[in-house]
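This report refers to the structure that appears directly beneath it.
Only the coordinates and a few stated rules stand behind these numbers; no lab work does. Values in this document were obtained by computation on a predicted structure and should not be read as measured data. Cβ placement follows ideal geometry from the backbone for every residue including glycine, while neighbour counts extend to all protein chains displayed.
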Amino acid sequence: MAATPEVFTHLRYDPVPLEQAREIVAAVRATPGVADLSSGSFGEVALLYPGARIPGLRVSTIGSEEPRLAVHVSVDLGAAAGAREKPMLADIAEAIRGSVRSVGCTELPIDVVFADAAVPGKEQ
């Protein structure tokens, strides 16, 4: 049996319950400027639950004593096509944080990782 990494041994609760994780994914996907969530190059970015895997989200305590929620996304470069002014990544990140908070995930700090970019009309 593999040893539990020390960084997670102090967590006595599930920081993001499964149903809330599913709600976070739906809210983030609906955020303007987001093409989709990204599970990383090898699928390493995911929350794992018994019988379920939620790609694009990660809870970590690395670099801090408290858990943080990382949301990994592919940004939609065509989302603002035709708009007078395209949104900045910082604006999209703040919108993503707002989407996550809107489903009740208010206790964890939220880190947004722009893992990829989707260009309209190009295959991924």
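Neighbour counts of other Cβ atoms within 10 Å put Ile96, Ile54 in the fewest-to-most order Ile54, Ile96. In plain terms, the residue of Phe114, Phe42 with the fewest other Cβ atoms within 10 Å comes first and the most crowded comes last, giving Phe42, Phe114.
Residues Ile24, Ile62, Ile92, arranged from fewest to most other Cβ atoms within 10 angstrom of their Cβ, appear as Ile62, Ile92, Ile24. The Cα atoms of the stretch 15-118 define a convex hull whose projected area, averaged across directions, is 6.8 nm².
Scanning residues 5 or more positions from Val112 or on other chains, those with amide H under 5 Å from its amide H are Val71, with H placed 1.01 Å from N in the peptide plane.
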